[in-house]
Amino acid sequence: MGDAADPYAALSRIFDGRRALLLEDDSALADHVAGKLTRAGFSVVDRAVDGEEAVSKATTATYDVLILDRITAGLDGLSALTAIREGSGPNREAPALFLTALGGERQKVEGLLAGADDYVAKPVGDEELLARVAAQLRRARISSGDQTSGDLVNGPFKLSPGARTLTFLPQGGPARVLDLSPLEFAIVAELFGARGQPVTKSMLWDRCWIEWKFLPDNYVNIIDARISALRRRLKEQCSELSDSLHPLIVSARSQSLVFRVLDKSA
């Protein structure tokens with residue numbers, strides 16, 4: 001990420017002490033995912049091999065996130081999540097992410113309607129999985145009131161989701177609302193709201209290119225072209241910022257993006 005700190009390394013602060021329930025009947029994959037979460041900072045990753053076991057564990061223990069396969073013996077993951085959401089256990093509102101080989105559009109809709117907060121098709125890279133888990137934990141904190149869901153401030157910038165505006169407040173100058181297209185604002189809002197955490201390009205596609213009902217083979221090229229233009233647009237409208245702070249949107253490893261975290265003197 002250039003001269004900025006690696007946001008993936010910073011995820012350990014978010015994951016520290018967290019508890020996950022992992023429903024996965026492929027032992028090798030379960031070992032890999034559990035190991036990755038533990039090394040990233042999770043204190044507990046409880047594993048279940050079928051839906052019945054997942055529902056039983058979710059009834060007796062509290063988890064910060066549920067990671068569920070759909071295809072399992074006995075009760076499948078979709079039915080298991082439905083049972084957890086409809087039950088009276090401590091995980092009725094826990095963030096849930098499907099990690100499954102069933103990646104069709106209809107299947108994704110089924111998963112979201114069953115109560116999932118995110119849906120990821122296998123195979124998925126480790127960085128992608130960690131970024132998506134972090135996003136769910138962040139949104140859970142916002143929903144619980146640990147963070148404000150109103151205006152977001154980052155150095156000389158204020159993002160107002162309700163008004164859909166990004167305001168630049170340069171030192172010694174008047175505040176001004178930046179001229180952004182609806183798609184550009186959506187991109188900035190996703191990155192801004194991540195508060196320095198990485199947002200993968202596939203996450204950005206899911207949340208900003210909502211008119212697309214599938215993931216095209218060239219989606220990375222489409223995003224890269226848009227980000228390149230957005231970087232230029234932000235630099236043109238925020239020329240008071242030091243050149244060392246541009247681009248404001250920086251790359252994190254290979255497939256993630258971050259809006260720079262700025263101090264108030266920027």
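The values are calculated or read from the model by the stated rules, or taken from the named source; none is laboratory data. Quantities reported herein were computed from a predicted structural model and do not represent experimental measurements. FYI the Cβ positions are ideal-geometry reconstructions off the backbone, even for glycines, and counts take in every protein chain you see. The protein model used for the area step is the full one, side chains on, heavy atoms only, and it has no ligands, DNA or RNA in it. Shrake-Rupley method; radii C 1.70, N 1.55, O 1.52, S 1.80 Å.
Please go through the stretch 209-224 and give me each residue that is in a loop (DSSP other than H, G, I, E, B), without any contact (Cβ under 8 Å) to a residue 12 or more places away in the chain and either open to solvent by 60 Å² or more (accessible area, probe 1.4 Å) or among the polar types (S, T, N, Q) (or both), ordered by number.
Our first condition is that a residue be in a loop (DSSP other than H, G, I, E, B); within the stretch 209-224, this holds for 209-218.
If we keep only those that are without any contact (Cβ under 8 Å) to a residue 12 or more places away in the chain too, we end up with 210-212, 216-218.
The answer is 210, 211, 212, 217, 218.
When residue 170 is tested against (1) open to solvent by 20 Å² or more (accessible area, probe 1.4 Å); (2) part of a loop (DSSP other than H, G, I, E, B), only condition (1) is not met.
For the stretch 177-195, a residue qualifies if it is touching a residue at least 60 places away in the same chain (Cβ under 8 Å) and open to solvent by 20 Å² or more (accessible area, probe 1.4 Å), and exactly one does: 195.
Per the conditions (1) modelled with pLDDT of 90 or more; (2) part of a loop (DSSP other than H, G, I, E, B); (3) open to solvent by 80 Å² or more (accessible area, probe 1.4 Å), the sole criterion not satisfied by residue 153 is (2). Determine whether residue 206 is within 27 Å of residue 125 (Cα to Cα), free of Cβ contacts under 8 Å to residues at least 12 places away in the same chain and not β-branched (Val, Ile, Thr). So residue 206 passes the test.
Within the stretch 225-253, take every residue that is part of a loop (DSSP other than H, G, I, E, B) and open to solvent by 80 Å² or more (accessible area, probe 1.4 Å) and give me the one that is nearest to residue 135 (Cα to Cα). It would help to see each step written out before you state the result.
Residues of the stretch 225-253 part of a loop (DSSP other than H, G, I, E, B): 238-242, 246-248, 253.
Then drop every residue that is not open to solvent by 80 Å² or more (accessible area, probe 1.4 Å), which leaves 239-240, 253.
Working: 239: 31, 240: 32, 253: 17 Å.
If we take residues in the stretch 225-253 being part of a loop (DSSP other than H, G, I, E, B) and open to solvent by 80 Å² or more (accessible area, probe 1.4 Å), then 253 is nearest to residue 135 (Cα to Cα).
Hey, among the residues in the stretch 46-104 that are among the hydroxyl-bearing types (Ser, Thr, Tyr) and farther than 15 Å from residue 116 by Cα, which one's surrounded by the fewest Cβ atoms within 10 Å (Cβ to Cβ)? Even if it seems obvious, please write down each step before you answer.
Filtering the stretch 46-104 for residues among the hydroxyl-bearing types (Ser, Thr, Tyr) gives 56, 59-60, 62-63, 72, 79, 82, 88, 100.
From what is left, the residues that are farther than 15 Å from residue 116 by Cα are 56, 59-60, 62, 72, 88.
Numbers: 56: 14, 59: 14, 60: 9, 62: 11, 72: 24, 88: 6.
Taking the candidates together, the pick is 88.
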